[in-house]
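Reading through the structure tokens given below for one structure.
The values are calculated or read from the model by the stated rules, or taken from the named source; none is laboratory data. Since the model is a prediction, treat every value here as computed from it, not as a measurement. Glycine gets a Cβ as well: all are built from the backbone with ideal geometry, and neighbour counts include every protein chain shown. Just the protein is used for accessible areas: all its heavy atoms, side chains included, with ligands, DNA and RNA removed. Shrake-Rupley method; radii C 1.70, N 1.55, O 1.52, S 1.80 Å.
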Amino acid sequence: MKVVSIVGARPQLVKLAPIAAAFAATEHEHVIVHTGQHYDADLSDVFFSGLGIPDPDVHLGIGSGSHGVQTGKTLAALDPVLAAERPDWVLVYGDTNSTLAGALSAVKMHLPVAHLEAGLRSFNRQMPEEHNRVLTDHCADLLLAPTEEAMRHLANEGLAKRAVLAGDVMVDVCLRVRDLVRAGEAPRPELPEGIDPSAPYLLATLHRAENTDDPRRLATLVAALAELPVPVALLAHPRLLARAEEHGIKLGGGSLHVGRPLPYAGMVAAVLGSVGVVTDSGGLQKEAYLLDRPCTTLRPETEWVETLADDWNRLVPDPSALGRDGWVETVTRPAPRADRGTPYGDGRAAENVVRILAEHAR
Ligand code: UD1
């Protein structure tokens, strides 16, 4: 069997790591196509080197642009690549513009498409990620769902026949790297200046368009983080830096300490070193959950609803609506004691994915 993986943005590289390792343990041929949606070394190269992913076989060098430009350029660039490879499966990951372009290109060339992380929904039609995942699910041939909840969403949309519960490949990589960090086999993370790793700190990220692109909203969120009584390590995505500069919003000051994004092992170590996480990232909500840290999510909804059980994750669309005390109480609440079970699988999802692809290959 020959499979072409199409990736382009940071969270896809994290998911690619266990998939590439699972393919490497088989006779199957695995071709990696990087669209180049993320091009900063901090968002791309460090994930290949840090997670031991083989270099991409093809790099499209697409870069930034409006959604139409980014998706369209990727779509056009993929046609000759997929025509030359003619794989048994095109495998697309998650919810980015690279995912949608990969799925569309394959469908139009009559190549079978599998969607990893199928069935996630925020039901928020303003989010580019929601457009991408819904459209990808409806055009893909095989839907690899990470959770029972995702299976239910797919069934509700009439897609049950194409859906298979595969588990979540992010558990595979997160638990493997957690064990390396605990064994002292990973380098120490470079936390922002002013953060003392031996004292309590909160770990924060902020990059979703709905939080960064409206200046008033971004200013409110940054001010809320700065007024917390615990130091906050904000690992700034390039989008956050670009929008803050554009809107004249100063990042930092008060409790807020701004630094660069971390490589994956550094991120896991930084979560383990923290007393809690504040984020709008999907992946980080789940990593906090898997690594036993309470999470506060700066959004009105989450796709990873399992993390909300027993208060492991709390949604805060608007910190100012809670009042200062309510906001401080929320982000500094201790980790719950409740047992969580394994709603995201047992850490062997990548093997499942390879097996399911082989079973369903035409
Ligand atoms: C994208 C995904 C999102 C994912 C996120 C993870 C879409 C629609 N969104 O959001 O689902 O959670 O990646 O990081 O596909 N930029 C750089 N360097 C880079 C990449 C981006 O400077 O390497 C800047 C550019 O100014 C760009 C902006 O960030 O315009 C946004 O990048 P884009 O790829 O559109 O989306 P992300 O916010 O990264």
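A compact table of results
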quantity: Check on Arg243, within 16 Å of the ligand (Cβ to nearest atom) and not assigned by TED's automatic domain parsing to the domain that holds Ala349; calculated: yes
quantity: Selected residue [touching a Gly at 6+ places or on another chain (Cβ under 8 Å), modelled with pLDDT of 95 or more and not basic (Lys, Arg)] from Leu75, Leu60, Leu82; calculated: Leu60
quantity: Residue within region 167-184 that is within 26 Å of Leu104 (Cβ to Cβ), assigned to a strand (DSSP E or B), modelled with pLDDT of 95 or more and not basic (Lys, Arg) present; calculated: no
quantity: Helices (runs of 4 or more DSSP H) within region 265-362 that include 3 or more residues under 19 Å from Pro231 (Cα atoms); calculated: 323-331
quantity: Cβ-Cβ under 8 Å pairs, at least 6 apart or on other chains, region 118-131 side closer than 15 Å to Asn156 by Cβ and away from the ligand (no atom under 12 Å from the Cβ), far side open to solvent by less than 10 Å² (accessible area, probe 1.4 Å) and of a type in the set (Ser, Thr, Tyr); calculated: Ala118/Thr136; Gly119/Thr147
quantity: Residue in region 290-300 that is within 15 Å of the ligand (Cβ to nearest atom) and farther than 25 Å from Ala145 by Cβ present; calculated: yes
quantity: Any hit, region 146-163, residues being assigned to a helix (DSSP H, G or I), within 14 Å of the ligand (Cβ to nearest atom) and in contact with a strand residue (DSSP E or B) (Cβ under 8 Å, 6 or more places away or on another chain); calculated: no
quantity: Qualifying residue in region 186-206 (condition: in a loop (DSSP other than H, G, I, E, B), closer than 30 Å to Asp346 by Cα, within 16 Å of the ligand (Cβ to nearest atom) and in contact (Cβ under 8 Å) with a residue 24 or more places away in the chain); calculated: yes
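Condition check ((1) assigned by TED's automatic domain parsing to the domain that holds Gly63; (2) of a type in the set (A, V, I, L, M); (3) out of contact with any strand residue (DSSP E or B) (no Cβ under 9 Å at 6 or more places or on another chain); (4) within 8 Å of the ligand (Cβ to nearest atom)) across all residues:
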| residue | (1), (2), (3), (4) |
| --- | --- |
| Val7 | yes, yes, no, no |
| Phe23 | yes, no, no, no |
| His28 | yes, no, no, no |
| Tyr39 | yes, no, yes, yes |
| Val46 | yes, yes, yes, no |
